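The values are calculated or read from the model by the stated rules, or taken from the named source; none is laboratory data. Because the structure is a prediction, the values reported are computed rather than measured. Virtual Cβ from ideal backbone geometry, glycine too; neighbours counted across all protein chains shown.
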2 protein chains.
Amino acid sequence: MNSHIITIGDEILVGQTVDTNSTFIAQQLNRIGITVTKIQSIKDERKAILETLDDTLDNNDIIILTGGLGPTNDDITKKVLTEYFNDELLLRPDILEHNQLFFKRFNKPFLEVNKQQAMLPKGAKIIKNDLGTASGMWWTLPKGKHIISLPGVPYEMKGLFKKILPDLKPLSSSKDGIFHHTLLFQGIGETKLAELLKETENEMKTKGITVSYLPSVAQVKLRLTGTILQKKDILTELEKIKQNLIKYCYGEGDELLEEILGKLLIKNKSTIGTVESCTGGALASKFVSTPGSSAYFQGGLLTYSNYLKQNIADVPNQLIKKYGAVSKEVVESMAENGRKKLEVDYCISTSGIAGPTGGTAEKPVGLVWIGIATSSKTYAKAFNFGHNRKRNIESTVYYALNYLRRILINVE
Amino acid sequence: MNSHIITIGDEILVGQTVDTNSTFIAQQLNRIGITVTKIQSIKDERKAILETLDDTLDNNDIIILTGGLGPTNDDITKKVLTEYFNDELLLRPDILEHNQLFFKRFNKPFLEVNKQQAMLPKGAKIIKNDLGTASGMWWTLPKGKHIISLPGVPYEMKGLFKKILPDLKPLSSSKDGIFHHTLLFQGIGETKLAELLKETENEMKTKGITVSYLPSVAQVKLRLTGTILQKKDILTELEKIKQNLIKYCYGEGDELLEEILGKLLIKNKSTIGTVESCTGGALASKFVSTPGSSAYFQGGLLTYSNYLKQNIADVPNQLIKKYGAVSKEVVESMAENGRKKLEVDYCISTSGIAGPTGGTAEKPVGLVWIGIATSSKTYAKAFNFGHNRKRNIESTVYYALNYLRRILINVE
């Protein structure tokens with residue numbers, strides 16, 4: 001059971017849009033045991049779509065297309081697919097009504113172009129879009145081939161995908177399927193991790209299980225891939241690795257570090273706040289991005305200027321003068337004072353030279369101090385992340401989150 | 001002059017990694033007049049790489065591959081390409097030395113697997129990786145075909161790409177090239193924008209210039225695409241649209257709303273701060289993500305809990321009791337008090353029901369109030385963004401930024 005994902009849209013080929021749709025679809029298909037053998041991004045041109053369908057249909061059982069279903073004239077996917085399958089467009093009154101109501105709900109005028117979106121191919125199963133007005137279309141061909149066309153707006157596509165998932169599942173002959181699972185690491189490099197797991201890797205190889213390392217900013221994912229029949233082996237092995245490297249291994253699969261922290265804080269009935277300089281709210285916003293974070297996240301102080309470090313976080317002026325704003329003493333003061341002012345159990349502080357300018361020989365761009373105040377002790381650590389502003393801020397956020405996790409589970 | 005991008009890595013096909021590399025490369029190539037006709041993501045398997053090269057070489061002049069050049073065993077791109085081009089791997093002492101120094105600088109042990117990264121194909125031009133240890137490789141074939149292999153770690157790939165760009169430029173016969181330019185809109189929907197530009201669209205069509213609308217969260221991009229010879233026409237037309245729709249059109253090309261605001265604030269010699277509830281620092285972090293933001297961004301108060309709204313932002317308790325935390329009165333109080341406490345010229349406040357729970361009939365999930373205090377007046381506006389927490393936070397950030405921009409340029 002092979003599948004192939006095709007995203008249609010010039011915006012991807014000119015580099016204007018990142019193709020996150022394929023990522024989502026690939027994730028979902030793999031999870032139900034349908035292997036994705038290729039992802040292609042092509043132009044929204046009749047010829048490109050027709051040629052790609054020709055090339056792809058023979059070797060794949062399921063083809064999922066996204067994009068090109070909007071109301072504007074540059075969206076041609078529906079027309080081209082209808083032509084390819086010798087189908088014809090008919091007005092679907094139920095979809096027309098749905099689309100009209102949709103526009104009414106958001107107080108938008110319903111235009112003639114919007115009406116066109118209710119003209120849909122007779123031979124396809126139509127999947128109503130609850131989050132928009134571009135319907136999904138599913139053609140089933142002889143020899144059990146399936147062609148599914150979804151809109152390109154990510155959240156609409158996701159909504160429709162959830163609706164077709166129950167019908168996709170039975171198509172997967174899951175014994176063919178691959179099984180993979182991932183551990184998530186923070187604070188350890190890819191090479192170092194691979195060295196620690198050298199023996200494991202060789203052992204897995206003899207079983208036909210592949211080991212992959214996927215680095216990203218301040219994090220590494222470790223993935224083991226085998227067949228569905230090796231699921232137990234893979235999970236047992238990963239559990240062993242997780243326990244051995246718990247300092248670095250914060251979670252698995254789709255888990256997010258901020259969610260893991262949220263669960264720990266709820267379990268401990270603890271509250272948290274931040275006093276941020278170089279991260280300027282990026283750390284707090286990680287907490288807030290998690291639903292239900294009001295159970296533990298209370299708030300914070302953003303003291304980007306030295307003036308506000310003194311005036312709203314009560315950092316003594318002489319401390320900044322003596323040690324500089326990027327120092328152990330200042331982040332400790334920020335965290336301790338923040339803990340009191342915000343009335344929280346834990347307070348994380350950050351101060352660093354994010355760059356690209358502002359560095360000195362002694363304190364180069366990329367130097368960041370992170371502080372954490374708890375009821376019993378104040379922790380502080382320096383990091384050196386490098387030259388890129390965005391990476392420095394992102395790295396600071398992840399190191400800070402994992403630093404707190406380590407303190408919460410006593411493996412600091 | 002056609003090009004094709006191939007990203008190698010199971011992590012993309014299982015949906016674990018979003019392919020941002022292709023986006024970056026496509027952007028860069030289009031900018032110098034090299035058209036990208038297809039982007040493919042394939043498995044890091046010998047067979048998949050060889051087959052894709054076979055399929056792609058005939059119809060393309062430039063093939064850029066990324067991924068699979070790491071030190072770990074799952075990285076096979078270098079081996080397979082060397083095989084495909086009948087090349088051989090030789091030790092490059094200069095690269096070995098560079099890689100050893102690289103590990104030393106970060107206090108990491110240099111291992112045997114790392115040494116393998118200095119074994120490089122004799123027939124390829126080797127491009128030293130200043131940000132890592134995986135070198136780039138560039139094979140030039142007869143008939144002017146170019147195959148370039150770059151590592152998959154985005155910032156290393158970008159660093160190497162910048163190094164090869166001067167050598168790629170002369171390959172483009174720019175008259176063949178397409179030209180496209182983009183306007184960036186906030187606060188107007190795709191359909192509404194298309195309606196306003198109906199006549200323009202028809203006029204462009206007669207000239208062979210295509211008009212595309214690219215919606216994303218709280219924003220729409222408008223792109224006009226023609227040939228390089230139509231550059232002046234396209235830019236003139238876009239300038240006209242921009243001036244007409246200046247309320248919504250905040251910028252063009254790669255510009256970011258937060259950068260535009262930064263420039264306006266610097267020009268006005270004004271300072272800015274935030275008092276955030278539902279955005280929890282996401283708004284402030286947008287300002288801070290821009291290099292040089294310390295010239296205007298001072299700091300903020302994150303008052304996620306009602307307790308902190310009162311205690312650190314001095315919002316009167318009775319105001320919250322009477323109107324609720326998500327109200328005109330409360331965001332006005334947050335913005336005004338924040339303006340004083342942070343000693344800034346402008347203060348933006350946010351308070352909303354981000355969801356997924358917490359909504360009522362009167363105040364549903366997605367209701368957000370945004371306030372802006374200035375020296376002469378306090379503004380406040382309500383928005384209704386819908387059901388998704390992440391989208392609500394992101395939408396709030398973009399609406400708040402554009403709200404401030406509109407006030408700064410007097411088109412509120």
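Annotation note: of B:THR374, B:THR350, B:THR357, the sole residue that is without any contact (Cβ under 8 Å) to a residue 12 or more places away in the chain and hydroxyl-bearing (Ser, Thr, Tyr) is B:THR357.
Within the stretch A:6-24, the set of residues being within 30 Å of A:THR225 (Cα to Cα), at the interface with another protein chain (Cβ under 7 Å from one of its Cβ atoms) and not polar (S, T, N, Q) comprises A:ILE12, A:VAL18, A:ASP19, A:PHE24. With respect to being out of contact with any Asp or Glu (no Cβ under 7 Å at 6 or more places or on another chain), of a type in the set (Val, Ile, Thr), within 14 Å of another protein chain (Cβ to nearest Cβ) and farther than 20 Å from A:GLN298 by Cβ, B:VAL344 fits the description.
Residues considered: B:PHE106, B:PHE110. Of these, the only one that is surrounded by fewer than 15 Cβ atoms within 10 Å (Cβ to Cβ) and within 14 Å of another protein chain (Cβ to nearest Cβ) is B:PHE106. Across the stretch B:114-141, the qualifying residues are those that are in contact with a Phe, Trp or Tyr (Cβ under 6 Å, 6 or more places away or on another chain) and outside any loop (DSSP other than H, G, I, E, B), and the one among them that is surrounded by the fewest Cβ atoms within 10 Å (Cβ to Cβ) is B:LYS125. Residues that are surrounded by fewer than 18 Cβ atoms within 10 Å (Cβ to Cβ), assigned to a loop (DSSP other than H, G, I, E, B) and in contact with a strand residue (DSSP E or B) (Cβ under 6 Å, 6 or more places away or on another chain) within the stretch B:206-244 are absent altogether. Of the candidates A:GLY366, A:GLY338, the single residue that is touching a Gly at 6+ places or on another chain (Cβ under 8 Å), closer than 25 Å to A:ASN268 by Cα and either modelled with pLDDT of 95 or more or not hydrophobic (A, V, I, L, M, F, W, C) (or both) is A:GLY338.
Inspect all residues belonging to the stretch A:245-253 and state whether any of them is free of Cβ contacts under 8 Å to residues at least 24 places away in the same chain, surrounded by fewer than 16 Cβ atoms within 10 Å (Cβ to Cβ), not in a strand (DSSP E or B) and not polar (S, T, N, Q). Taking every residue of the stretch A:245-253 in turn, none turns out to be free of Cβ contacts under 8 Å to residues at least 24 places away in the same chain, surrounded by fewer than 16 Cβ atoms within 10 Å (Cβ to Cβ), not in a strand (DSSP E or B) and not polar (S, T, N, Q). Please tell me if B:ILE42 is more than 23 Å from the chain's Cα centre (by Cα), at the interface with another protein chain (Cβ under 8 Å from one of its Cβ atoms), modelled with pLDDT of 90 or more and crowded, with 19+ Cβ neighbours inside 10 Å. Yes; evaluated as a whole, the condition is true for this residue.
Note on the stretch A:372-412: residues that are crowded, with 22+ Cβ neighbours inside 10 Å, touching a Lys or Arg at 6+ places or on another chain (Cβ under 8 Å) and assigned to a strand (DSSP E or B) amount to 1. The residues of the stretch B:142-162 that are in a helix (DSSP H, G or I) and in contact (Cβ under 8 Å) with a residue 12 or more places away in the chain, listed by number, are B:GLY144, B:PRO154, B:TYR155, B:GLU156, B:MET157, B:LYS158, B:GLY159, B:LEU160, B:PHE161. Per this entry, A:SER333 is counted among residues that are outside any loop (DSSP other than H, G, I, E, B), of a type in the set (Ser, Thr, Tyr) and crowded, with 22+ Cβ neighbours inside 10 Å. Considered as a group, the residues in the stretch B:209-223 that are more than 11 Å from every other protein chain (Cβ to nearest Cβ) and of a type outside the set (Val, Ile, Thr) include one that is nearest to the chain's Cα centre (by Cα), and that residue is B:GLN219. Of all the residues in the stretch B:263-316, those that are acidic (Asp, Glu) and part of a strand (DSSP E or B) number 1.
Looking at the structure I just gave you, is B:THR206 within 30 Å of B:ALA400 (Cα to Cα) and more than 11 Å from every other protein chain (Cβ to nearest Cβ)? No: the conditions fail for B:THR206. Condition test on B:GLN230, is it in contact with a helix residue (DSSP H, G or I) (Cβ under 7 Å, 6 or more places away or on another chain), among the polar types (S, T, N, Q) and either free of Cβ contacts under 8 Å to residues at least 60 places away in the same chain or within 21 Å of A:GLU11 (Cα to Cα) (or both)? Answer is no for this residue.
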